[in-house]
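Following: one structure in structure tokens, then a few remarks.
The values are calculated or read from the model by the stated rules, or taken from the named source; none is laboratory data. Since we're looking at a predicted model, the values are computed, not measured. With ideal geometry, Cβ positions are generated from the backbone for all residues, glycine too; neighbour counts draw on all protein chains shown. We work out accessible area using only protein heavy atoms, side chains counted, and drop any ligands, DNA or RNA first. Shrake-Rupley method; radii C 1.70, N 1.55, O 1.52, S 1.80 Å.
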Amino acid sequence: MICGISGQDGSYLARLLLDKGYSVWGTSRDAQMVGFHNLQALGVMEKVRLISMTPNDFGSVVAALTSSEPAEVYYLAGQSSVGLSFERPIETLESNSLGILNFLEAIRSFGKRVKLYHAGTGECFGNLGLQAAKEDTPFRPISPYAVAKAAAHWLVANYRDAYGLFACNGILFNHESPLRPARFVTQKIVSTVGRIAAGSREKLALGRLDIVRDWGWAPEYVDAMWRMMQQDEPDDYIVATGEAHSIEEFVSEAFALFELDWREHVVSDPVLFRPTDLLRNRGNPEKAAVKLGWQAHWRMREVVRGMVEAIRV
């Protein structure tokens, strides 16, 4: 069962699991009304079974587990935009923490061994400076989204320790793809650059350009999720490239692919600055490499090229 199957990660994960021979169930708040454009884009829409489920409703979660009887549950649902979390903090907290709590409690009383994966985030670490976060690096969240995800992370760890659940946190750093929604800065950059290259006279308006992130490729990251669930014992793992690049570097690479000078087309607008901005973060994926046999092959430049190639098709 994939909760949040309509999103970027859920769709790539569905494709991966189908390729491995899984029977895949996906949940949405209203499976009859939600558009599953990502599943359609990957050609797997007709291969998954979709059911309606509200993560914040315990009865709805129990009903979904009872009907699907999953061996593995991947919880990828919840409001996932850092910027939007400042505008909708209550929704962000409820969708990211109450939903996973309902699943933990339902699985605890389910009577069958069900493995649970929770999609955590490197945002929980806060500003790291030049340090690369490890699994035991303390959390210092500085956005409503990161606070909500930190709460969810510790709920998973608590239920694992207290009740022996197979429950793990994938602490994923930024990972992108052509399936990213337009509200995410990477997709905004690539889409705007494409329009400018096609003749548009608009400017690309961004917030701070000195923000530094560890950017990877989403199709690779869902493989790490699956690998966590195949271990004998549940644990938490950082999934990252180990490299950090600024938004300015990301923008420069995107414009360079169209042989354009980014400085002629980009403006930094203070209106787009967040109340508190995570200036720099980077993950250390050594544990995932050693225990899962996983490593990122695409770094920032390959990610930009992959997203640009998608809009050129």
### Message
Can you list residue pairs whose Cβ atoms sit under 6 Å apart, with the first residue in the range 111-125 being open to solvent by less than 10 Å² (accessible area, probe 1.4 Å) and the second being of a type in the set (Phe, Trp, Tyr) and assigned to a strand (DSSP E or B)? Count only pairs 6 or more apart in sequence or on different chains.
### Response
Tyr117/Tyr74; His118/Tyr75
### Task
Output yes when any residue across the range 75-89 is of a type in the set (Val, Ile, Thr) and under 30 Å from Pro275 (Cα atoms), and no when none is.
yes
### Message
What's the number of the only condition in (1) open to solvent by less than 60 Å² (accessible area, probe 1.4 Å); (2) aromatic (Phe, Trp, Tyr); (3) at pLDDT 95 or above that Phe58 fails to meet?
### Response
(1)
## Note on the structure
When every residue in the range 22-49 that is at pLDDT 95 or above and assigned to a strand (DSSP E or B) is compared, the one most open to solvent (accessible area, probe 1.4 Å) is Arg49
### Query
How many residues are open to solvent by 50 Å² or more (accessible area, probe 1.4 Å) and part of a helix (DSSP H, G or I) if we restrict to the range 63-75?
3
### Task
Give the number of residues within the range 270-294 that are in contact with a strand residue (DSSP E or B) (Cβ under 9 Å, 6 or more places away or on another chain), in a loop (DSSP other than H, G, I, E, B) and open to solvent by 50 Å² or more (accessible area, probe 1.4 Å).
2
### Query
If we scan the range 87-97, do we find a residue that is open to solvent by 20 Å² or more (accessible area, probe 1.4 Å) and at pLDDT below 90?
no
### Query
Is the range 165-178 home to any residue that is modelled with pLDDT under 95 and open to solvent by 10 Å² or more (accessible area, probe 1.4 Å)?
no
#### Entry: Sole residue being of a type in the set (Ser, Thr, Tyr) and over 18 Å from Gly10 (Cβ atoms), chosen from Thr54, Thr66
Thr66
### Query
Is it the case that some residue within the range 236-247 is charged (D, E, K, R) and either under 23 Å from His297 (Cα atoms) or in contact (Cβ under 8 Å) with a residue 12 or more places away in the chain (or both)?
yes
### Query
Out of all the residues in the range 227-239, is one or more open to solvent by less than 20 Å² (accessible area, probe 1.4 Å), in a helix (DSSP H, G or I) and out of contact with any strand residue (DSSP E or B) (no Cβ under 6 Å at 6 or more places or on another chain)?
no
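Scanning the range 1-21 for residues that are touching a residue at least 24 places away in the same chain (Cβ under 8 Å) and outside any helix (DSSP H, G or I), which turns out surrounded by the fewest Cβ atoms within 10 Å (Cβ to Cβ)?
Among those that are touching a residue at least 24 places away in the same chain (Cβ under 8 Å) and outside any helix (DSSP H, G or I), it is Lys20.
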